[in-house]
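The values are calculated or read from the model by the stated rules, or taken from the named source; none is laboratory data. Because the structure is a prediction, the values reported are computed rather than measured. Cβ placement follows ideal geometry from the backbone for every residue including glycine, while neighbour counts extend to all protein chains displayed.
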C-alpha cells in the first residue's frame, strides 16, 4: 500500500521531535529507479509556503530522487529564513542519499508563521534515511498526519504495474487542491510528460473538487513519481485512469476525515450550460454555511440551495431550477416540489442534485457539513 | 425613533397570526405626505422573492404610499402563486388606505419555499391600518423581527428635518445587501432622484459591506421614503450624510445581533491599489471560516488572514503584506512581526488591519466570528 506499493520506492516515517507531542512527524520517500521521473501540482494560493516555492522549482526539471515531508510546521509566511530552512532540508537529504539537492522535493504542513526547529529536523533526516524500507509506506503516511484521525493510502493495479499513494489533510480543504500533501508513486515506465498530463487531468476532477471548508492552504502539494521499475509501459489512458482512481480515493478519504464533520455531502450539478458553470454552482452550494448547518441538523433545506445558486453568474432561469436531496425532488421549477418529509437524512452521506435546466454539462463537488465540533477544533488548534 | 421619527409618517405593528408563536409579524408604514417620493435597493441574488419582484416594479415609479412588511415567511421560491399573494397583499393595503396598489411596496422575511397564510395576512392588514399612529415606529420595528434578539432603529437629525429607520436581520447576512429588510423615512422635501442617489451611495459602504456569514438572502430590501412634511430642502451632501449615518447605524446593529456571534469583527484593508481590491480582500478575509473560528477562540491567527488574502486576485506582493490584529502588527512583510501574545482578544470587538502595500485605497468590511451557537441556531431553525 501507500507510496511503497509500487516497485522501486523506499520510505520511512519517524519522530524527529518537530511535534511537541513526540509523535511521528518526518517522512522520506525515495525513488530507487531506474527512472526518476516526476510531476507536481501545487496550491494556487498566492501566499505560498517556502517548501512549495522550492518544490515548484525542483519539479520543473521533471526529475525527483526523493521527497522529504514534515508535519508539525508549515514553514509558511516565514520569510527568506524559511526558504533557507527548506533549502537546508533538501541539502541534508541529498547528502544522506548521495544525490543532488535539486532532485529533492520538500513538503511541510502544520502551523503557519512559525519557523521549523531545524536542530531537530536535520538530524531526523539522517534517522529517516537509515530506516528507509520497501515496506515503509504506512509509516510515511502516518508521519505526515496533523489533525487527521487516520492516515490515508490508496492503490490501483495495472497490468504488471502499480500506482499507490498517501495523503494528509483534514482542515483548510478547498480548491486549488484540497490535499494539503499527497505523494503518489508508480513503477510504470513513463516519462515526466506523461506523469504531468495524468496528474493534472486527475487532480482537476478529484482533489480540486473537494471543498470541505472553503479555505485554501498555503502548502498544498501533490507529487507523482515514477520509478519505471516494472519495466512496463502502460497505455496512456489506462495509466491516467489508475492515477485518477488513486487521487479520487485519497480525496474522498480527506472528506471522510474532515475536521468535526458529521456528513459527507456530494453536490452534483447537472443541466449546466458549461462545465465551468457546473463547478461554480457546485462550489457555491458547497460553501454555503447556512446550508451546511441545515444538513448537519438533518434538515433538507432546499431554500438555502436556491439562495446559494442565485448568487452565481451561471446560466439559469430561476423558474426552471430543480433540486433533489437524497433523490427526492423537493424543489421543482424554482418552487415547492415533492414533500420534504420524504427525505431520509439519517445517513452520513448526503446527495444534493441541482438541475440548472440550461444545458448538458455537469460536475460533482464534495463537501462536509458545518458543525459545532468544527468550530471547537478550529478555535482551539492554532494552525 | 424608527420610521415615525420623521414627520409625515404613521406606522403599526401587530400580530396577524402568520408566526406560529403568536408574536408580532405584520408591519405597516404609511407616508402621509405631502410628498410620496421613494427609492429602493434590493438583493442582487438572482433568486428573488415575490415581494422583491413586486417592489422593484413599484419603486420604478419613484412613488410609494405605504410599505407592508411581514415576518414569519419569506414568500420566496413560491412560484406564480407566491407572486399573486404579494399582489393581493398590496391590493388589500391599497383598499384599506384608499390609494393605488401600484404605490404599495411589500417586503417579507422568514422561511423560504412556503406560501404565506393569506387567510391570516389579509385580515391583519385591516387590523394594522386601524392601529396606524405617528408613534407606531417601534411596534413596526418589532413586528419585522425573525431571529433578531432586539429590534433595530436609528435616527439622524438635520436642520429642521429628520431621517429615521428600522431594520431586521440576524442571519443570511451578506453582500448585495446585508439587511434582509430596512425602511428609512424622512420629512425632508426631496424628490425620488435625490433619494435614489443618497440611498445607493449609503448602502454601498454600509449594508453592502456587512458580511456576517457570506450567505445572501433572496429578500433583502432597503426602502427610503420622503414625506416632505418638514418643508425643508436640505443640501444634498447633508442629506446624503444623514442617510448614510442611519444606514451605518442599522448595519452595525445587524452585526451586533448576528446569530450566535460572540465577536464583531472590523476588517479594514489599507494600501490597496483600488477600492475594489480592498473590498475583495476584506470580504475574503471576512468569509474565512478557519479565521472566524480562531477569532472566536481569541486566537490572533494571522496565518489564516494571509492564506485568505492569497486566494484573491488583488494586487499585492506576498512579501510586503502586513497584518495587525487589535493594532498589534503580528505580521510584517509577509512574515512574523510583533509578538502575538501582545494582542488582547478579550473584548467583543476585534479589529483586523490588512495592509497590501500596493496603493492608497481602503475599505472596511464588518463580520462576525463562527461559533457553535451559530451552528446550533442554523441547524435547528429551518429558514
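Under 14 Å from residue B:305 (Cα atoms), touching a residue at least 60 places away in the same chain (Cβ under 8 Å) and surrounded by fewer than 20 Cβ atoms within 10 Å (Cβ to Cβ), is that true of residue B:268? Considered against the rule, which asks whether it is under 14 Å from residue B:305 (Cα atoms), touching a residue at least 60 places away in the same chain (Cβ under 8 Å) and surrounded by fewer than 20 Cβ atoms within 10 Å (Cβ to Cβ), residue B:268 comes out as yes.
Hey, can you tell me all the residues within the range A:52-67 that are in contact (Cβ under 8 Å) with a residue 60 or more places away in the chain and more than 16 Å from residue A:113 (Cβ to Cβ)? If the condition is that a residue be in contact (Cβ under 8 Å) with a residue 60 or more places away in the chain and more than 16 Å from residue A:113 (Cβ to Cβ), then A:55, A:59, A:62, A:63, A:64, A:67 are the ones that fit.
From the list B:11, B:94, the lone residue that is in contact with a helix residue (DSSP H, G or I) (Cβ under 8 Å, 6 or more places away or on another chain), under 18 Å from residue B:181 (Cβ atoms) and at pLDDT 95 or above is B:11.
Filtering B:342, B:290, B:356, B:306 for residues that are over 22 Å from residue B:207 (Cα atoms), modelled with pLDDT of 95 or more and surrounded by 17 or more Cβ atoms within 10 Å (Cβ to Cβ) leaves a single hit, B:356.
Rundown of residues vs (1) over 20 Å from residue A:208 (Cβ atoms); (2) assigned to a loop (DSSP other than H, G, I, E, B); (3) more than 9 Å from chain B (Cβ to nearest Cβ), yes/no style:
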site: A:253; (1), (2), (3): no, no, yes
site: A:267; (1), (2), (3): no, no, yes
site: A:292; (1), (2), (3): no, no, no
site: A:306; (1), (2), (3): yes, no, no
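Considering (1) in contact with a strand residue (DSSP E or B) (Cβ under 8 Å, 6 or more places away or on another chain); (2) within 14 Å of another protein chain (Cβ to nearest Cβ), the lone condition that residue A:112 does not fulfil carries the number (1).
Among the residues of the range B:51-77, those identified as more than 15 Å from residue B:223 (Cα to Cα) and in contact with a helix residue (DSSP H, G or I) (Cβ under 6 Å, 6 or more places away or on another chain) are B:75, B:77. Listed conditions (1) at pLDDT below 95; (2) closer than 20 Å to residue A:215 by Cβ; (3) surrounded by fewer than 24 Cβ atoms within 10 Å (Cβ to Cβ) are all met by residue B:350, apart from (1). Residues that are in a strand (DSSP E or B) and facing chain A (nearest Cβ under 8 Å) were ranked within the range B:331-382; the one that is nearest to residue B:262 (Cα to Cα) is B:331. Among the residues here, residue B:277 qualifies as more than 9 Å from chain A (Cβ to nearest Cβ), within 23 Å of the chain's Cα centre (by Cα) and modelled with pLDDT of 95 or more. Only a single item in (1) crowded, with 24+ Cβ neighbours inside 10 Å; (2) assigned to a helix (DSSP H, G or I); (3) at pLDDT below 95 is not met by residue A:249, and it is number (1). Looking only at residues in the range A:369-378 that are at pLDDT 85 or above and in contact with a helix residue (DSSP H, G or I) (Cβ under 6 Å, 6 or more places away or on another chain), the one that is surrounded by the fewest Cβ atoms within 10 Å (Cβ to Cβ) is A:372.
For residue A:124, the conditions (1) within 14 Å of chain B (Cβ to nearest Cβ); (2) within 22 Å of residue A:83 (Cα to Cα) all hold with the exception of (1). Among residues of the range B:312-330 being touching a helix residue (DSSP H, G or I) at 6+ places or on another chain (Cβ under 6 Å) and closer than 25 Å to residue B:374 by Cβ, the one that is farthest from the other protein chains (Cβ to nearest Cβ) is B:323.
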